[in-house]
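Each reported figure results from applying straightforward, stated rules to the coordinates on display, with no laboratory input. What you see is a predicted model, and the numbers here were worked out from it, not measured in a lab. Neighbour counts are summed over all protein chains in view; Cβ atoms, including those assigned to glycine, are modelled from backbone coordinates with ideal geometry.
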């Protein structure tokens, strides 16, 4: 009886001590070369960083962005926490500013990318889910950002419909 | 009765310290890796064949540019949704089987790339003077095979292109939907 109690106490304490780490770490996806990361870096315009072709406000949401860490390393910020959506809507407001990002790095075919699931603007700040694309899309379409229409934005989006109508589901319509 | 028998079974299994420790380690391991392999469950592929995994290494067709410099190259490849191709999240990230998904991602502001015939996934930073995020040109060109003249940069494990000119557009060439199905969600 005593040993069973000790065992349960061990498991309980172990779960207690490991749970906070699990709950704040990025959710794994099992993608190519996956590495879970927690990065502090400045939001930068990649074209400006490597091609010295700079634009106001990191290109105003039309350019690829990256996180530049203190060791001068660029992490190409490519995927947000919204299905089929990139990160620009989340990151553009922080152009030139530092954020802390929680996510995954994936790599294959000679390139690597950063998927940010949540971020915060200071060590003691609140984590923010990287879902600004859905918020913005919902606002521009007059729907609830937490509703089913916004969550499945790709089903009703007019630009998607026009592109599929033009070239077909397979892209084979000339 | 069933419950009593099972409790007895569990109690007898937990009798030794080694077994209890093993069970605890297994429990904690399962907590920490419970999300691994989620990509497999997200591959809603209706395909008949599983696509091959990416190669361990790729060798660019051209000698890489020096650190901080660019190299002007001509490269042929397929316009891709770079996130799906590099991550492998959908199983396939190229071809007709992935075309509709590529449209969704391009409209959603995902990165556009070229899957080069040399096996390298190049990220497009600019195409004929246009910024790439959700650009109509990028959306219209998804899955097309193109030949481009571009400035190539390599930085921190990622290959980037500034496309000066699209020299040729061969249209959609990679017709893989019959082999792998249409991802995600099927047709």
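A few remarks follow.
- Neighbouring Cβ atoms from other chains, within 10 Å of the Cβ of residues in B:157-163, number 6 on average.
- Average beta-carbon neighbours from other chains, 10 Å sphere, peptide B:77-89: 6
- Within chain A, helix-based [θ] at 222 nm, where runs of 4 or more DSSP H residues each add -39,500 (n - 2.57), nearest 500: -10000 deg cm²/dmol
- In terms of packing, defined here as the mean over residues of other Cβ atoms within 10 angstrom, the peptides A:150-160, A:113-123 line up highest first as A:113-123, A:150-160.
- 0 to 90° range, to nearest 10: angle between helix A:132-141 axis and chain A longest Cα axis: 50 degrees
- Fluctuation leader among A:32, A:124, A:57 - chain A, Gaussian network, Cα springs under 10 angstrom: A:124
- Neighbour counting of Cβ atoms within 10 Å sorts the residues B:87, B:117, A:140, fewest neighbours leading, into A:140, B:117, B:87.
- Inter-chain neighbour count for A:41-50: the average number of beta-carbon atoms from partner chains within 10 Å of each residue's beta-carbon is 3.
- Going from the residue with the fewest nearby Cβ atoms within 10 Å to the one with the most, A:76, A:94, B:141 rank A:94, B:141, A:76.
- The Cα center of segment B:69-132 and the Cα center of segment B:146-177 differ in position by 8 Å.
- Residue exposure sequence - A:135, A:88, B:59 - by fewest surrounding Cβ within 10 Å: B:59, A:135, A:88
- Annotation: the antiparallel percentage among DSSP beta bridges lying fully within chain A is about 90.
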